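Quick notes on the structure that follows.
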């Protein structure tokens, strides 16, 4: 398993954890990807955080949702709602997204069930996030998949990142990335 560190700004703030400390922990745990998620601050603060992360982090940096900030990142991760907000046809939506961010950037997509995985299999993306595995405080509305997550992951043609309450010592057969946020600290 590879570690995909989810840097959720609200979670860090609620625990009084500096951004720099989270990046250091991601390095200590040999993370290969950091995804920065910030649902509440203005774009200027988000941009500033991305600049700070870039100064401290040499690995892949993914932005959640804000693809207009792609010049500071290696890719973007979007949710189902974001995909369909771009276009009602997911294939066209990804083509439009690629025009906006460039063909050399990574695209990840959240999935939650077999149908969404099957749709993702037809898309030109790099990985899927699948979950939630366990209940989590950062996404209280998430449907918990539990042990079914690994079986669902077997249907993906893309690498799978297990999301939602993941712990470093969790074990999956069909999962490439453990997506772990404040659990690193």
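The values are calculated or read from the model by the stated rules, or taken from the named source; none is laboratory data. Nothing here was measured: the structure is a model prediction, and the numbers come from that model. All Cβ positions, even for glycine, are placed from backbone atoms using ideal geometry, and neighbour counts span all protein chains on display.
Summary table below
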quantity	calculated
Tally of residues being in contact with a helix residue (DSSP H, G or I) (Cβ under 7 Å, 6 or more places away or on another chain) and surrounded by 17 or more Cβ atoms within 10 Å (Cβ to Cβ) across region 87-98	3
Within region 151-185, tally of residues that are assigned to a helix (DSSP H, G or I), over 18 Å from residue 30 (Cα atoms) and in contact with a strand residue (DSSP E or B) (Cβ under 8 Å, 6 or more places away or on another chain)	2
Residues of region 95-125 satisfying the condition of being part of a loop (DSSP other than H, G, I, E, B) and within 15 Å of the chain's Cα centre (by Cα)	105, 112, 125
Some residue of region 126-149 being modelled with pLDDT of 95 or more, in contact with a strand residue (DSSP E or B) (Cβ under 9 Å, 6 or more places away or on another chain) and assigned to a helix (DSSP H, G or I)	yes
Lone unmet requirement of (1) in contact (Cβ under 8 Å) with a residue 60 or more places away in the chain; (2) part of a helix (DSSP H, G or I); (3) in contact with a strand residue (DSSP E or B) (Cβ under 9 Å, 6 or more places away or on another chain); (4) buried (at least 19 other Cβ atoms within 10 Å of the Cβ) for residue 4	(2)
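This table checks each residue for (1) part of a strand (DSSP E or B); (2) buried (at least 17 other Cβ atoms within 10 Å of the Cβ).
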residue: 41; (1), (2): no, no
residue: 44; (1), (2): no, no
residue: 52; (1), (2): no, no
residue: 61; (1), (2): yes, yes
residue: 71; (1), (2): no, no
residue: 76; (1), (2): yes, yes
residue: 82; (1), (2): no, yes
residue: 85; (1), (2): no, no
